[in-house]
Amino acid sequence: MPHIDVDKTLPGIRSLMAFRPETAKPLSALAEILLRDTEGLSPAERELIGTYVSYLNDCFYCHHSHGEIAVCYLDGDRDLVEAVRHNYKEAPISEKLKSLLQIAGKVQKSGKSVTPEDIENARQHGATDRDIHDTVLIAAAFCLFNRYVDGLASIAPQDLSTYPERARQIVEHGYGSHIYSKQAESPKPKA
Amino acid sequence: MAYIKVEEGIPGIRSLFKFSPETGKPLCDLAEVLLRGPSPLSSSERELIAAFVSNRNNCMFCMNSHAAAARFLFDEDKQVVDDLLKNQTADSLSPKMKALLWIAGKVQSNGKSVTPEDIENARKEGANDTDIHDTVLIAASFSMFNRYVDGLDSYTPANEEDYLEMGKRMGQKGYHI
């Protein structure tokens, strides 16, 4: 049961955004620029960072929904997403992404736990200032999203078969207001 | 020295906004609506929640700047800020604010640790759904801002006095870039 009176037909953060559209607007704008920008990190890499941090924060709704979005970007490669969640160090991903996931994992605990050695390691594997900035901000932003979703006990659908359709909506239409509007389950295509 | 190449001498999150204005825009919009927009909580109360969470996250830049903004906005009642942050006492605050700060503290450690009893307790002291929503989202947002500022090791002025002007500006002008 959510802690506040939200629309119970909407899952997770969508119900909270519908409850408070004033704050939903900058939150969805932040998600859009952070997770769908194609400069530097790819959208798939960005979603993998978000999934990993949400998994560390044990946020069921966020790690499953962003995991499914990553699966979409990775042409259905669910095994890769699972590997990143559980043990990214052994996952078939670039050394650069591994070094960034290490930084993201530090940020999940505390900003202060990121060391100059973590940054140097990422640089040695080809990470730019922009990559490092975006990784830290994505990890920090999921520390917000996860706490928002769980702190208000919003509904996390337990049936995992409901996640892929919402993931496709995001991949096709982004993080706009359609995700928390009444038509959220059947968005109109972009004009 | 910050971990990435930002402009020297600009403190904390402002140097990061300058490095990345694309993300700076929604972050400032979020701070503005969350701390200054319409809410049953006053701006001073919301700044106090922000400073309280930043203090628990040991983020000195956010704690000092939002404490300064809270002191400016509380004006003659500014002692409540130092009572809470330095003397660890909430005795001068309303029972409702105490109950909301309790929830904010839970959110700072982990969203899941907020219990139905915490919510019930806040409701008994007069908090409504929007008070609770805004408290949780402020605490969650500062769990982001604090990590952003410290995760990139951005420049943090050392003394409380260095934040006086900043707090006044935040109090008067808010968070528009």
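The values are calculated or read from the model by the stated rules, or taken from the named source; none is laboratory data. From a predicted model like this one, the values you see are computed outputs, not experimental measurements. In this analysis, Cβ positions are derived from the backbone assuming ideal geometry, glycine residues included, and neighbour counts consider all displayed protein chains. Heads up: the accessible areas ignore ligands, DNA and RNA and are worked out on the full protein's heavy atoms, side chains in. Shrake-Rupley method; radii C 1.70, N 1.55, O 1.52, S 1.80 Å.
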- Query: When the Debye formula is applied to the Cα atoms of segment B:12-171, each taken as the same point scatterer, what base-10 log of I(q)/I(0) results at q = 0.09, 0.11, 0.13 Å⁻¹?
  - Reply: -0.27, -0.40, -0.57
- Pop a pseudo-label 7 angstrom from the Cα along the beta-carbon direction at both residue A:159 and residue B:173 and give the gap in nm to one decimal. 5.3 nm
- Between residue A:39 and residue B:160, the two model label points (7 Å from Cα along the beta-carbon direction) sit apart by a distance in nm of 4.1 nm
- Item | Efficiency of FRET between residue B:117 and residue A:90 - r from beta-carbon atoms, R0 35 angstrom, step 0.05 | 0.25
- How large, in percent, is the carbon and sulfur part of the accessible surface of chain B at a probe radius of 1.4 Å? 50 percent
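How much net charge surrounds residue A:103 when only other residues with a Cβ under 14 Å from its Cβ are counted (Lys, Arg +1; Asp, Glu -1)?
Working: positive: A:46, A:89, A:96, A:98, A:106, A:109, A:112, A:123, A:130, B:147; negative: A:45, A:95, A:117, A:118, A:120, A:129, A:131, A:134, B:150, B:153.
Taking every Cβ under 14 Å from that of residue A:103, the sum is 0.
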- With T = 10 °C, eta = 1.306 mPa s and Kirkwood Rh from C-alpha pairs, the Stokes-Einstein D of segment A:12-179 in µm²/s is about 99 µm²/s
- Message: Apply the Karplus curve 6.51 cos²θ - 1.76 cosθ + 1.60, θ = phi - 60°, to the phi angles in segment A:86-97 and return the couplings in whole Hz, x for Gly and Pro.
- Response: 8, 6, 4, 5, 9, 6, x, 10, 5, 4, 5, 5
- Mind checking the alpha-carbon convex hull of segment B:6-90 and giving the volume per residue in Å³? 99 Å³
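What pairs in B:86/B:124; A:25/A:98; B:25/B:173; B:112/B:173; B:78/B:98; A:25/B:18 have C-alpha atoms more than 24 Å from each other?
On the way: B:86/B:124 28 Å; A:25/A:98 32 Å; B:25/B:173 16 Å; B:112/B:173 35 Å; B:78/B:98 16 Å; A:25/B:18 22 Å.
Violating the 24 Å limit, Cα to Cα: B:86/B:124; A:25/A:98; B:112/B:173.
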- Note on the structure: For chain A, averaging the sequence separation of alpha carbon pairs under 8 Å that lie six or more residues apart and dividing by its residue count, the contact order in percent is 34 percent
- In sequence order, calculated HN-Hα J values of segment B:154-163 (Karplus, 6.51, -1.76, 1.60; Hz; x Gly/Pro): 6, 4, 10, x, 7, 9, 4, 5, 5, 9
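Work the Kirkwood hydrodynamic radius out for the protein assembly as shown: mean of 1/r over every pair of different alpha-carbon atoms, inverted, in Å. Intermediate results must be reported in sequence, preceding the final value.
Details: mean 1/r = 0.0484 Å⁻¹.
After inverting the pairwise mean of 1/r, the radius is 20.7 Å.
Averaged across the residues of B:23-32, what count of C-beta atoms belonging to other chains lies within 10 Å of each residue's C-beta?
Per residue, the average neighbour count from other chains is 5.
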- Cross-link reach from residue A:89 to aspartates and glutamates, straight Cα distance under 18 Å and at least 8 residues apart if same chain, gives A:45, A:47, A:77, A:79, A:117, A:118, A:120
- Note on the structure: Burial-style ranking of B:46-52, A:100-106, average other-beta-carbon count within 10 Å with highest first, yields B:46-52, A:100-106
- Cysteines in the protein assembly as shown that, by Cβ-Cβ distance, have no pairing candidate under 4.7 Å: A:72, A:143, B:28
- Task: For n ≥ 4 DSSP H runs only, could you compute -39500 (n - 2.57) per run for the protein assembly as shown, divide by its residues and tell me the 222 nm figure to the nearest 500?
- Result: -20500 deg cm²/dmol
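Please sort B:12-24, B:137-149 by packing, taking for each peptide the average over its residues of neighbouring beta carbons within 10 angstrom, highest first. Write down the numbers at each step before the final one.
On the way: B:12-24: 18.7, B:137-149: 27.8.
Ranking the peptides B:12-24, B:137-149 by packing returns B:137-149, B:12-24.
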- Message: Quick check for me: using +1 on Lys/Arg Cβ and -1 on Asp/Glu Cβ, what's the dipole size of segment A:12-179 about its Cα centre, in debye to the nearest 20?
- Response: 480 debye
- Exercise: per-residue mean of other protein chain Cβ atoms within 10 Å, B:2-10: 3
